[in-house]
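Student: Attaching a single structure in structure tokens format; questions to follow.
The numbers here are math on the coordinates, done by the rules we state, and not lab data. Bear in mind the structure is a predicted one, so any value in this text is a computation, not a measurement. Cβ coordinates were reconstructed from backbone atoms using ideal geometry, including for glycine residues, and neighbour counts include every protein chain displayed.
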Amino acid sequence: MFVGDRVVVRYRLAPGAPADWRDAAGATLSDVTGVIVNSGDPLVLDTAAVPVELITSVRLLPYRAVRNNEIRDVALRAIDAAESDEVLGWRVRAGATLVDSAVPRNSAVPAIMGARLDSTTVAALQQWYASRGLRAVVELPERLVSGGTAVGAAVGGEFHRLVRVADDGTETDIVTVAADDLTRGTSLRADGFRLHHRVAYRDLGD
């Protein structure tokens, strides 16, 4: 969790907890949504403060509500590659500029609504990358590919795709960073970047 991230915090209703906004009789759990102001104890959001011992889960959210087509658009613009093409609904890329060594750069990203990873698509992606001496790695922005994380092997852990947000709400520069890179993640957020969506990568094998 980073200062500046928007989250949903679920917590036990006990002394010291924020009041249950539902005011439901007999409730033992509640939740609050807000932006992290201080990640210590208590966890301070711009809407409430929650003692850490009462927290049962924290779910990370995009800094604003984003539609699937917005996620796809940002994902397609996130990496510049010398070569790109489309294969069965996927944008395949090779010769991409290396920005962060932890982030797979020559990856395929879903280019259309309904992009799939069935056996035919996997074979076609493998063939395209193999012909260039590369492993077939797919990028899976959250929500875009149903069942995608069941295919192939994970490459790294979770990644965060950030956009720089101006005071007027304009989104510019796009950066992808490992979720567990606390130093870079903190620095980028302090520089005005906010989470747009989460990303996972899968190696489809040979």
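Student: Of all alpha-carbon pairs in segment 1-98, indicate the percentage at a distance above 18 angstrom.
Tutor: Counting pairs separated by more than 18 Å, the tail of P(r) holds 59 percent.
Student: Sticking with this one: What residues from segment 181-206 fall in the zone where the backbone N is under 19 Å from a label point 7 Å along the Cα-to-C-beta line of Glu83?
Tutor: Under cut-off, by backbone N: 204-206.
Student: While we're on this one: I'd like the FRET efficiency for Thr120 and Ser39, computed as 1/(1 + (r/R0)^6) with the beta carbon distance as r and R0 of 41 Å, rounded to 0.05.
Tutor: Computed FRET efficiency for Thr120 and Ser39 comes out at 0.35.
Student: About its Cα centre, how strong a charge dipole does segment 63-161 have in debye, to the nearest 20, once Lys and Arg get +1 and Asp and Glu get -1 at the Cβ?
Tutor: Dipole about the Cα centre, nearest 20: 100 debye.
Student: Ignoring everything except DSSP H segments at least 4 long, calculate the 222 nm mean residue ellipticity for the chain; use -39,500 (n - 2.57) per segment, divide by total residues, nearest 500.
Tutor: My calculation for the chain gives -4500 deg cm²/dmol from helical runs alone.
Student: Right, next: Summing +1 for each Lys or Arg and -1 for each Asp or Glu, what net charge is found among the other residues whose Cβ lies under 11 Å from the Cβ of Ser107?
Tutor: Residues near Ser107 contribute +3 overall.
Student: Using a cut-off of under 17 Å, list every residue of segment 125-166 whose amide N is near the label point 7 Å from the Cα of Arg59 along the Cα-to-beta-carbon line.
Tutor: Within reach of a label on Arg59: 142-144.
Student: Might you report the magnitude of the Cβ-based charge dipole of the chain about its Cα centre, with Lys and Arg at +1 and Asp and Glu at -1, to the nearest 20 debye?
Tutor: The dipole magnitude comes to about 340 debye.
Student: Still on this model: Nearest 10 degrees, 0 to 90: what angle lies between the long axis of helix 119-130 and the longest principal axis of the chain (Cα atoms)?
Tutor: 70
Student: Treat each spin label as a single point 7 Å out from the Cα along the C-beta direction, and report the Thr47 to Arg184 distance in nm.
Tutor: Inter-label distance under the simple model: 3.1 nm.
Student: Could you tell me how many degrees, from 0 to 90 and to the nearest 10, lie between the Cα long axis of helix 68-77 and the main elongation axis, the longest principal axis, of the Cα atoms of the chain?
Tutor: Helix 68-77 and the main axis of the chain meet at about 50 degrees.
Student: Any idea how far the Cα center of segment 27-70 sits from the one of segment 165-203, in Å?
Tutor: 18
Student: Continuing with the same structure: Could you list the residues of segment 136-152 with an amide nitrogen less than 12 Å from a label point located 7 Å from the Cα of Asn68 in the Cα-to-C-beta direction?
Tutor: Residues 142-147 qualify, since their backbone N sits under 12 Å from the label point.
Student: Next question, about the same structure. Could you work out the percent of alpha carbon pairs in the chain separated by over 28 Å, rounded to a whole number?
Tutor: The calculated P(r) of the chain puts 37 percent of pairs beyond 28 Å.
Student: What net charge is computed for the residues neighbouring Ala94, neighbours being all others with C-beta under 15 Å from the C-beta of Ala94, Lys and Arg scored +1, Asp and Glu -1?
Tutor: Here the count lands on 0.
Student: Still on this structure: Of Val8, Leu144, Pro18, which is farthest on the positive side of the dipole of the chain, counting Cα position, with +1 on Lys and Arg Cβ, -1 on Asp and Glu Cβ, and the Cα centre as origin?
Tutor: Leu144
Student: Also, I was wondering about something else. Please compute the length gained on full extension between Leu76 and Asp173, using 0.36 nm multiplied by the number of residues separating them and subtracting their Cα-Cα distance.
Tutor: Extra length available between Leu76 and Asp173 comes to 33.6 nm.
Student: Dividing the Cα radius of gyration by the Kirkwood radius, what Rg/Rh value follows for segment 6-61?
Tutor: Rg/Rh: 0.93.
Student: So, one more: Normalised by the number of residues in the chain, what is the relative contact order in percent for Cα pairs under 8 Å and 6+ residues apart?
Tutor: That works out to 19 percent.
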